[in-house]
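Every read-out reported here was derived from the displayed coordinates using simple, explicitly stated rules and does not represent laboratory data. As the structure is a prediction and not an experimental result, all values here were calculated from the model. So basically every Cβ, Gly included, is an ideal-geometry build from the backbone, and we count neighbours across all protein chains shown.
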Amino acid sequence: MKVDNELYVRDYSKCILCYKCVEACGEDAQNTFAIAVAGRGFDARISTEWATPLPDSACVYCGNCIGVCPTGALMFKSERDMRAQGTWDESAQTVTETICPYCGVGCVLDLHVQDNTIVKVTSPMDSSVTDGHLCIKGRFGFEFTNERRRP
């Protein structure tokens, strides 16, 4: 497992080489091409360019790869941490649809809330504005709401 940033983790042992993350990072959504297929045949694997650490790659941390990953090989760090602690409970979560407050595009956000804390943000695949894709602010910009405020 690779934990080289505070936003999401990569566990390539769960990867089934569906290439959905490559497509989301490439022409389907982001056009950064930070994630690609390395190797050929039985040596094929998902990787960053030249296998560089994610912070040194072309990744802009939009998280669109997380949104399309069917196996959990790419996952919100907050979700992975809660699963490791045994506190992740989807049945206790509510999902509230809202509009992203960061710019004027009008991206649709689904806020997943557990115990009055936003635990992850997704976007509906059938949204005519986003088609399920978000930028870094839309997908990860909620962290400030979870900070404890000082009196």
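The table below gives the values:
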| item | result |
| --- | --- |
| Pair ASP89, TRP50: separation of 7 Å Cα→Cβ label points (nm) | 4.8 |
| Computed lengthening from ASN5 to PHE42, 0.36 nm per intervening residue step minus Cα-Cα distance | 10.5 nm |
| 3J(HN,Hα) from dihedral phi, the range 21-33, Karplus parametrisation 6.51/-1.76/1.60, rounded to Hz, x for glycine, proline | 5, 5, 5, 5, 6, x, 5, 5, 9, 8, 6, 9, 6 |
| Among 66-79, 107-120, the order from most to least packed when residues are scored by Cβ within 10 Å on average | 66-79, 107-120 |
| R0 of 35 Å, Cβ-Cβ distance TYR12-ASN116: FRET efficiency to nearest 0.05 | 0.55 |
| Set of lysines near LYS14 by C-alpha distance (under 22 Å), chain-local residues within fewer than 8 positions excluded | LYS2, LYS77, LYS120 |
| Size of electric dipole in the range 15-151: Cβ of Lys, Arg +1 and of Asp, Glu -1, about Cα centre, debye, nearest 20 | 400 |
| For the chain, alpha-carbon Rg over 2.2 N^0.38 Å | 1.07 |
| Around CYS100: net Lys/Arg minus Asp/Glu count, Cβ-Cβ under 10 Å | +2 |
